[in-house]
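K.L.:
Questions regarding the structure given below will be posed in turn.
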Amino acid sequence: MNGLFRASLEEQKPIVIMYMTDDREITDRNIIVRKIHPEYIRAYCMKRGALRTFKRENILAAAKPRERKVANYA
């Protein structure tokens, strides 16, 4: 996951995380990392439209977003 966080920070490209809130609700978030700390990630959350802090211990998974395929109707 650290490599994805660094790539998002350096390239300013979004990644998708699966995150568990303090209420134990699991959500998917599209984020662009702004700062990496040992205990948390500070990132722009596209779902909330604001900077958010994500506890590392609550990030369950991280991945590059899926590319959308565009149909070619030539």
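Where a number appears in this text, it was derived from the coordinates with a stated rule and is not lab data. Note that this is a predicted model, so its numbers are computed, not measured. Cβ: placed from backbone, ideal geometry, glycine included. Neighbour counts: every protein chain shown.
K.L.:
In the set (1) 0.99; (2) 1.15; (3) 1.05, which value of Rg/Rh (Cα atoms, Kirkwood Rh) was calculated from the structure you see?
P.N.:
Identified label for the calculated read-out: (3).
K.L.:
What distance in nm separates the two pseudo spin-label positions at GLU39 and ARG56, each 7 Å out from Cα along the beta-carbon direction?
P.N.:
Computed distance between label sites GLU39 and ARG56 equals 1.1 nm.
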